[in-house]
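J.: The structure under discussion is supplied below as structure tokens; questions concerning it will follow.
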Amino acid sequence: NGKTYTLSNGVTIPAVGFGTFASEGSKGETYNAVTVALNTGYRHLDCAWYYLNEDEVGDAIQDFLKANPSVKRSDIFVCTKVWNHLHRYDDVLWSVKDSLKRLKLDYVDLYLVHWPIAAEKDGQDKPKIGPDGKYVILKDLTENHQETWSAMEKLYEEGLAKAIGVSNWTIPQLEQMAKFAKVQPQVNQIEIHPFLPNTELVNYCFSKNIMPQAYSPLGSQNQVPTTGERVADNKTLNEIAEKGGNTLAQVLIAWGLRRGYVVLPKSSNPKRIESNFKSIELSDADFEAVNKVAEGRHFRFVNMKDTFGYDVWPEETAANISA
Ligand code: A2P
């Protein structure tokens, strides 16, 4: 799937990116998965400091480029993200350089603030954990992201990232940022799948020329929500896939692409890495049928409030439980 979009600053971004968050986290898993992905044709890798595997991603990129001289560094779009404990100005700049060292690159294509939550650090390499077992929140930097964002603008100016953006930002947070940002965020990476279509936020982003990127586009296949139904179990979605001779994942990826944003499927299984990259077209009727499944749903799989001790979406919690 070679589809691309253009970000607000003219940077080209491949529409399907490969998520590198390795749930197993075992040594070598990320290296192997990224190698399969690059060999399959993925040219967009979605990384993060938090995934603790940027070294392996970097090794896989290096080895792939060596083995494939016709592919250049500039053919691969690499994104990584700064974690919550490094939101202070100097720490953001330290973090991007540390990620670049691990990725063995001299620039990333996209650098994101991973969460709109700032926490105290316990040395550069670790967030500080409080007596309650949760992050120690820095209230000032969490309520106003100007300091963090000005460091993002600085590293953008210096060419350490070709584009900058945010992740898990809400509309009010984007509105606040628009007031002080000299460089508006080019991307907002958020959870999107048919159980969390996030339509209002997606449309808001489009209206501001901010490209949404969908994480967990497959609805976190292995997680069982409190509602009891996983996206993977939904009858209508499975029927659409079977009828067309496609996998459910292919339908979910095609739905995201047709809605116009970047989709970031992840897998550590070579067969699934490959089949996820095979593009399929959704007919108008099937697209509408998926939209219908999604209508009115708002079920979030990823909410780190138990880890962070801070809820980005407090107004949603009750809705999730009763959904
Ligand atoms: P695996 O690595 O065994 O393929 P999400 O990005 O929505 O959180 O989903 C990621 C999960 O979906 C991973 O656990 C991954 O498991 C699984 N997955 C990825 N591709 C497919 C697929 N084509 N069919 C079923 N499960 C998939």
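For every residue, the table says whether it meets (1) of a type outside the set (Gly, Ala, Ser); (2) farther than 25 Å from Tyr310 by Cβ; (3) touching a Lys or Arg at 6+ places or on another chain (Cβ under 7 Å).
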| residue | (1), (2), (3) |
| --- | --- |
| Thr6 | yes, yes, no |
| Ile13 | yes, yes, no |
| Leu38 | yes, yes, no |
| Tyr51 | yes, no, no |
| Asp59 | yes, yes, no |
| Phe64 | yes, yes, no |
| Val71 | yes, yes, no |
| Ser74 | no, yes, no |
| Lys97 | yes, yes, no |
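J.: Can you find a residue in region 185-195 that is of a type outside the set (A, V, I, L, M) and either surrounded by fewer than 17 Cβ atoms within 10 Å (Cβ to Cβ) or assigned to a helix (DSSP H, G or I) (or both)?
T.: The answer is no; no qualifying residue exists.
J.: Now, a different point. Among what's in region 87-97 and is of a type outside the set (Lys, Arg) and in contact with a Leu (Cβ under 9 Å, 6 or more places away or on another chain), pick the residue that is surrounded by the fewest Cβ atoms within 10 Å (Cβ to Cβ).
T.: Trp94
J.: Identify, from the list Leu105, Leu52, the residue that is among the aliphatic types (A, V, I, L, M) and on the phi > 0 side of the Ramachandran plot. Walk me through how you get there before you give the answer.
T.: Numbers: Leu105 fails: on the phi > 0 side of the Ramachandran plot.
After applying the criteria, what remains is Leu52.
J.: Considering only region 1-39, state which residues are closer than 22 Å to Ile190 by Cα, crowded, with 17+ Cβ neighbours inside 10 Å and away from the ligand (no atom under 16 Å from the Cβ).
T.: Matches in region 1-39: Leu7, Val11, Ile13, Pro14.
Residue by residue, here is whether (1) in contact with a Phe, Trp or Tyr (Cβ under 6 Å, 6 or more places away or on another chain); (2) more than 30 Å from Glu147 (Cβ to Cβ); (3) among the aliphatic types (A, V, I, L, M) holds:
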| position | (1), (2), (3) |
| --- | --- |
| Tyr31 | no, yes, no |
| Val57 | no, no, yes |
| Ser70 | no, yes, no |
| Thr80 | no, no, no |
| Leu86 | no, no, yes |
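J.: Please give the helices (runs of 4 or more DSSP H) falling wholly within region 252-323 in which 1 or more residues are free of Cβ contacts under 8 Å to residues at least 60 places away in the same chain, surrounded by 14 or more Cβ atoms within 10 Å (Cβ to Cβ) and within 16 Å of the ligand (Cβ to nearest atom). Let's see the steps before the verdict.
T.: On the way: elements: 270-277, 284-294, 305-308, 317-322.
The helices (runs of 4 or more DSSP H) meeting that bar are 270-277.
J.: Right, here's the next one. Can you pull out every residue in region 235-251 that is outside any helix (DSSP H, G or I) and within 13 Å of the ligand (Cβ to nearest atom)?
T.: Asn246, Thr247 - these are the residues of region 235-251 that are outside any helix (DSSP H, G or I) and within 13 Å of the ligand (Cβ to nearest atom).
J.: Let me ask something else about it. If you check every pair at least six apart or on different chains, which have Cβ atoms under 8 Å apart with a residue in region 196-218 that is within 16 Å of the ligand (Cβ to nearest atom) first and a residue that is among the acidic types (Asp, Glu) second?
T.: These pairs meet every condition: Pro197/Glu295; Asn198/Glu191; Gln213/Asp46; Ala214/Glu191; Tyr215/Asp46; Tyr215/Glu191; Ser216/Glu191.
J.: Next question, about the same structure. Looking at Tyr31, Tyr5, which is the one that is more than 15 Å from the chain's Cα centre (by Cα) and part of a strand (DSSP E or B)?
T.: Selected residue: Tyr5, the only one of Tyr31, Tyr5 that is more than 15 Å from the chain's Cα centre (by Cα) and part of a strand (DSSP E or B).
J.: Taking region 83-103 as the region of interest, how many residues are touching a residue at least 40 places away in the same chain (Cβ under 8 Å) and under 21 Å from the mean Cα position of the chain (by Cα)?
T.: Adding up the residues that qualify gives 14.
J.: Give the residue that is nearest to Trp313 (Cα to Cα), with candidates limited to residues of region 99-134 that are small (Gly, Ala, Ser) and at pLDDT 95 or above.
T.: My answer is Ala118.
J.: Now for a separate question. Can you tell me which residues in region 34-49 are part of a helix (DSSP H, G or I) and of a type in the set (D, E, K, R)?
T.: Those that are part of a helix (DSSP H, G or I) and of a type in the set (D, E, K, R): none in region 34-49.
The values are calculated or read from the model by the stated rules, or taken from the named source; none is laboratory data. As the structure is a prediction and not an experimental result, all values here were calculated from the model. Methodologically, a virtual Cβ is constructed for each residue, glycine included, from the backbone with ideal geometry; neighbour enumeration extends over all protein chains shown.
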